[in-house]
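Trainee: Starting off with a structure, shown below.
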Amino acid sequence: MDSSGAGAGAASPNPKCCVSLSAFYNNTIVPCPNCSCNCKGLPGAKCHSEENAGSMLQMPHDPLQEPEDLVRCTDHMCPIRVHWHVKQNYKAYWRVKITVTNLNMVRNYSDWSLVVQHPNLQSVQQIFSFNFQPLKIHGFLNDTGMFWGVRYYNEILMQSGVDGNVQTEMLLSKNTSLFTLHEGWAFPRKISFNGDHCVMPPPDDYPRVPNSSTASKLSLPVLVFISLLPIIIFVGPSHFLDYL
């Protein structure tokens, strides 16, 4: 690992990443919590918009030292954002897209790694663009796994810009008698990037599954017809108009 990257060493006491969430069944995109890594306006909270960062990026850096972090101005002020999107729900599988975005304008992350804790990781069927290895951290529970880039393809997470992200999709099999999208089950419990724990949105903010009750989807005329259906059956259709 070269000096331009941030390896998976000891975890930093200060957050360096955050998590945002979305799902196909809800239009809401849950962003990273505000001030996940810092707050704009506080001492030491340096950030720049992409428009005015050009002159900063052209400044010479000492090749023997890591460049000072220069993050894009956001509400969360994190150099790394991980987005978890519940993409599709099939009969026997469900599909997730993971996107890791580098919002650091001056640093590449070489040989990056992502550790995810999710109860369904024991049922991973296919990973499309990352390497994956289950991690049995909790004994008999196989709910944690590590993702990392494919050599010569996406093992380097480039600095902020057009190429400043890596992404994959994965298929997970499901036990149809136990599977549910309710109560945030489809979202990860914990995520770490290069050994740093990422700030998660609070569970109450997770995308909610819309109310799927039949009555909420029926129009008023249909509900009226259903309520009168016993009369139609009892007296016969030829006498139904006498009751209207």
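The values are calculated or read from the model by the stated rules, or taken from the named source; none is laboratory data. Please read all numbers here as calculations on a predicted model, not as lab measurements. We place every Cβ from the backbone using ideal geometry, glycine too, and count neighbours over all the protein chains shown.
Trainee: How about the range 108-150: which of its residues are among the hydrophobic types (A, V, I, L, M, F, W, C) and crowded, with 16+ Cβ neighbours inside 10 Å?
Mentor: Once the filter is applied, which keeps residues that are among the hydrophobic types (A, V, I, L, M, F, W, C) and crowded, with 16+ Cβ neighbours inside 10 Å, the range 108-150 yields W112, L114, V115, V116, L121, V124, I127, F130, F132, M146, F147, W148.
Trainee: Looking only at the range 160-173, how many residues end up being modelled with pLDDT under 95 and buried (at least 20 other Cβ atoms within 10 Å of the Cβ)?
Mentor: The total comes to 1.
Trainee: Just to check your reading of the model, which residue among D143, D111 is acidic (D, E) and on the phi > 0 side of the Ramachandran plot?
Mentor: D111
Trainee: Can you tell me how many residues within the range 135-155 are touching a Gly at 6+ places or on another chain (Cβ under 8 Å) and closer than 19 Å to C198 by Cα?
Mentor: Total meeting the criteria: 1.
Trainee: Tell me which residues, restricted to the range 176-213, are polar (S, T, N, Q) and either surrounded by 15 or more Cβ atoms within 10 Å (Cβ to Cβ) or touching a residue at least 12 places away in the same chain (Cβ under 8 Å) (or both).
Mentor: T176, S192, N194, listed by residue number.
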